[in-house]
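Here, each number is a calculation from the coordinates, and none is a lab measurement. These numbers were taken from a predicted model, which means no experiment stands behind them. Cβ: placed from backbone, ideal geometry, glycine included. Neighbour counts: every protein chain shown.
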Amino acid sequence: MKRTLSFRLSTVLILYTGFILVIASIAMINATHYHFQMYGREMSEAQHSADSLNSHLEQAIIQSIGLTIGGALIISFVLSVYIAKRISSPLISMKNLTLIMARGKRDVRLPLKSLPKDELEELAASINHLAEQLEQQEKLRIAMTENIAHELRTPLTTLNSYLAAIQDGIWEPTPERIQSSREEIHRLIQLVHDLEELQIVNSIDFQFMLEQVSLKKSIDQVMDLMRPSFQQKGVNLEKKDIPNVCVIADESRLIQIWTNLLSNALKYTPEGGSVEVNGTVQLGVVQITVSDNGIGIPSADLPHIFERFYRVDKSRSRKMGGGGLGLTITKTLVERHGGQI
């Protein structure tokens, strides 16, 4: 049974108060009993007058009450300091950890022995989760910076060598070399465009122009536009059963999703291969499948294919084209529509 922090604090305070009251009561009862015994013994011996004995009894009881209250206050102070330290200790640890995280160290964690039992342990688990997310984001940021530098370096280096060779008179500025330079410039423009697109779709201010869209019509439109590219490469593009249903979506973004998926399939399918688009409807859920008989994806790489700049081909051959952002943008668009990919 999970006990809340308020329940545990209430229990501690009740036990704490009860303990003080029991100790004080026992001390009072013992002191009073002792003084009354002495009072009775001295009365029986008649060594002092009744007024003197009553005065001494009153003073003794007052003294006992004072000592009892003083002892209770001391015990209360000690227990209060102990309880305050027990309560504040995890909060201080959390504060210190967040200060360490703020200084840039992301691999620190709060110790958790088991599943969270109260709000404080849940807070500690949340801070650990936040630290893990920040550490992951830092790794992604570093990787993204390295990838952007790599993607920019290759075309810029190529352009620089081309222009230097032409300037030094080693090469003639032939149409073929000018075309190669334009292709490198196009890669740079495409990379910048993809980065801007990714920033837009991830923005909290990004909004879709939602409307009823014919799913079959949008897929047919993209397939008709891309069919010449498939024919040029010698790849067969085949459409299976596409449900003739309408969905609430942004039509332009939906077309972008199909375009990205088909472009990716075309890119990694060799000449003579085939790409199929199929669809089903089950329990009100539409599933569209784009499959090909291309080079495939190793199982170890599947969890990472939607990461920014991730490439299965570690050699980063640029012959395939693309900057490694297409599937990332596609996944973001699908999820912002409430779907899964």
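A few remarks follow.
- Charge dipole magnitude, Cβ of K and R +1, D and E -1 - the chain, Cα centre, debye nearest 20: 540
- Take each peptide in 120-132, 9-21, count the other Cβ atoms within 10 Å of every residue, and average; sorted highest first, the result is 120-132, 9-21.
- For the stretch 86-169, averaging the sequence separation of C-alpha pairs within contact (under 8 Å, six or more residues apart) and dividing by the residue count gives a relative contact order of 22 percent.
- Per-residue Cβ neighbour counts within 10 Å put Met38, Met28 in the sequence Met38, Met28, beginning with the fewest.
- Residue order, fewest to most beta carbons within 10 Å, for Ser181, Ser252: Ser252, Ser181
- P(r) tail for the chain: Cα pairs beyond 33 Å make up 60% of the total.
- For the residue pairs Lys105/Lys267; Lys267/Lys331; Lys139/Lys233, the C-alpha atoms sit more than 29 angstrom apart in Lys105/Lys267; Lys139/Lys233.
- Estimated distance in nm for a label pair at Leu67 and Ile20, the labels positioned 7 Å out from Cα along Cα-to-Cβ: 2.1
- Full extension of the chain between Leu9 and Ile29 gives 4.2 nm of extra length, using 0.36 nm per residue less the Cα-Cα distance.
- Virtual spin-label span in nm between Phe206 and Lys105, 7 Å along Cα→Cβ: 3.6
- For Ser180 and Asp224, a Förster radius of 22 Å and the Cβ-Cβ distance give a FRET efficiency of 0.10, rounded to the nearest 0.05.
- Looking at the chain, the DSSP beta bridges with both ends there are about 75 percent antiparallel.
- Selection among Val275, Val235, Ile142 by position relative to the dipole of the chain gives Ile142 as farthest towards the positive end (Cβ unit charges, Cα centre).
- Nearest-0.05 FRET efficiency for Ser93 and Gln199, computed from C-beta distance (R0 35 Å): 0.40
- One decimal place: the segment Leu123-Lys217 gains 28.9 nm when fully extended, by the rule 0.36 nm per residue minus the C-alpha distance.
- Maximal additional length on extending the Tyr268-Leu159 stretch stands at 36.6 nm, based on 0.36 nm per residue less the C-alpha distance.
- Cα Rg over Rh - the stretch 210-336, Kirkwood: 0.96
- Over the chain, DSSP H runs of length four or greater, each weighted -39,500 (n - 2.57), average out per residue to a 222 nm ellipticity of -23000 deg cm²/dmol.
- Size of charge dipole - the stretch 212-341 - debye, nearest 20, with Cβ of Lys, Arg +1 and Asp, Glu -1, no other charges: 420
- Cα gyration tensor, the stretch 139-202 - rounded (a/c under 1.5), prolate or oblate: oblate
- Label separation (Tyr82 vs Gln137): 4.2 nm, computed from points 7 Å beyond Cα along the C-beta direction.
- The chain - percent relative contact order, Cα under 8 Å, separation 6 or more: 11
- Gaussian network model of the chain, Cα within-10 Å springs - most flexible of Gln179, Gln256, Gln133: Gln179
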